[in-house]
Amino acid sequence: MTVFRIQGGASLVGELEVPGSKNASLAILSAVLLGKGTTVLHNVPKVSDTLTKARLLTNFGAQVEWREGSLIVDSSTIHPGQADEETVRAIRTSFYLLGPLLARNGHAELPAPGGCKIGARPVDFHLKGLALLGADVVLEGGVYKATTRGLRGAEIYLDFPSAGATQHLMATATLADGVTVIQNAAVEPEVTALAAFLNRMGARIEGAGTSTVTITGVTSLDGCEFRVPSDRLQAGTYLAAAAITRGDITVRGILPDNQTALVNKLREAGARIDEGPDWVRVACDRRLKGIRVKTMPYPGFPTDMQQIMAAVLTLAEGTSVVEETIYESRIGHVAELNRMGAKMRVEGRATIIEGVPSLTGAAVEASDLRAGAALVLAGLAAEGTTLVKNVRYIDRGYENFEQTLTELGGRIERVEIGESEEARQLPE
Ligand code: EPU
């Protein structure tokens, strides 16, 4: 079993640049099939989710090659294909391939998607939107089967500003006949990045980054060259690492505007924040104080930073309340942090955290990607040795995580432990 073994106690100090955005890359790696040609994507992070997604594209006839840090996708010829069920189930965004495949081929089939287990994660907004665009989609034996006699522009109102539904429907509508307007669209930076990518391919999208996105259909899209913007969630994780270890970290090559909610909350808790045009610095030389945090769609506090922020607040003075409003069960970190000496309890959608002066290393298990990152950060701040299991979840979204943390002064290594050691470390 592969684990992270962490020797806690060191303050993390230094500067870094983060890789490209996982979530923007995953959305782009669905939309890329819309283009009849070769696309060169720079700055795609090599994390397990993007590797899986790139592999999935080959099921539909795309030629995919990683070359010197870039990903080259030739989608000149696409066929409906037979998607590998295990691969599809490994990631949520496999489902966003349905619309682009339908737009290219007139029919498409995809097994129902998977992804991190953090709540129900239905796809009803996607299905309603696709139906409005002229698709017939049925679920048969766990497989979504979609056909169309021609996609057409439509007015689509989303009941919630879902990032995935906005991205999927926006991409599909680029090849529909006429104008599509998506109301109550998500305004996440990853939506804006996808629109920039699609426009580079020849699409006509306006308003991405606002709650009304207008897409004027075109007859075909080409390949293009595009650089994926940096990952705001990896950036936020390292900024949080500075706060929890009483360190001093500067993340460069990012848009500070994308970190507004996080840095304001860290500042409110007592961390020092400096910002420049493309960098953010978090420094902390004292114990933070407890605060209230509530997740909201962008530009609100990101749900993807909720578990990580909760880990930071376990060591703050006083009581914190962290409320999760996006997912119903993003709480896999709570029991594990309590094993390390945190005092957290879940009440409905809120996690109440009574701050403790120190955490103690323990063997803990990541339940999902961000819970895993939260446990690593807690381990870096804890006294003694922490063993974080289920590293595969963390590998979904953090590139060179342990190397980067080591460069910042963290004592973390990826190790294989044998069955006997594993048994000793397992929770009773
Ligand atoms: N929702 C529905 N019906 C739908 C679609 C969404 O009810 O058809 C609900 C979801 O269940 C959730 C809310 O709407 O309660 C928001 O979900 P959204 O569609 O915005 O999430 P997503 O597109 O599936 C992306 C990220 C997540 C991130 C969310 C929210 C990717 C690959 N994933 O998911 O990232 O938490 O947006 O910002 O882009 C992560 O990186 O750790 C991660 C889970």
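The values are calculated or read from the model by the stated rules, or taken from the named source; none is laboratory data. Keep in mind the model is a prediction, meaning the values are calculated, not measured. Quick reminder, even Gly has a Cβ in these numbers, built from the backbone with ideal geometry, and neighbours come from all protein chains shown. Side chains included, ligands, DNA and RNA excluded: accessible areas come from the protein's heavy atoms. Shrake-Rupley method; radii C 1.70, N 1.55, O 1.52, S 1.80 Å.
What the table below lists for this structure:
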{"quantity": "Rounded percent of accessible protein surface that carbon and sulfur make up, the chain, 1.4 Å probe", "calculated": "46"}
{"quantity": "Fully extended contour minus Cα-Cα distance, from K343 to A131, at 0.36 nm per residue", "calculated": "71.6 nm"}
{"quantity": "Cβ-Cβ FRET estimate between R204 and D274, R0 fixed at 45 Å, reported to 0.05", "calculated": "0.70"}
{"quantity": "Total formal charge among the other residues, if their Cβ is under 12 angstrom from that of G223, Lys/Arg +1 and Asp/Glu -1", "calculated": "-1"}
{"quantity": "Overall Cα dimensions of the stretch 220-313, principal axis frame, Å, largest first", "calculated": "55, 25, 18"}
{"quantity": "Rounded accessible area per residue of the stretch 61-141, 1.4 Å, Å²", "calculated": "46"}
{"quantity": "Reciprocal mean inverse distance between Cα atoms of the stretch 242-385 - Kirkwood radius, Å", "calculated": "15.1"}
{"quantity": "DSSP bridge pairs, the stretch 135-268: antiparallel proportion in percent, nearest 5", "calculated": "75"}
{"quantity": "Antiparallel bridges, percent of DSSP beta bridges restricted to the stretch 326-428 (to nearest 5)", "calculated": "55"}
{"quantity": "Lysine pairs meeting the criterion (Cα under 20 Å, 8 or more apart or interchain), as found in the chain", "calculated": "12"}
{"quantity": "Highest average packing first - 379-389, 60-70, 145-155, Cβ atoms within 10 Å", "calculated": "379-389, 145-155, 60-70"}
{"quantity": "Isotropic mean projected area of the C-alpha convex hull, the chain (nm²)", "calculated": "19.2"}
{"quantity": "Phi-based couplings in Hz for the stretch 143-159 (Karplus 6.51, -1.76, 1.60; Gly and Pro marked x)", "calculated": "10, 7, 10, 10, 9, 8, 9, x, 6, 9, x, 8, 9, 10, 10, 8, 5"}
{"quantity": "Charge dipole (the stretch 1-94, unit charges on Cβ, about Cα centre) - positive-most of A90, P19, N59", "calculated": "A90"}
{"quantity": "Cα pair distances of the stretch 22-169 binned at 5 Å [whole percent]", "calculated": "2, 10, 20, 23, 22, 14, 7, 2, 0"}
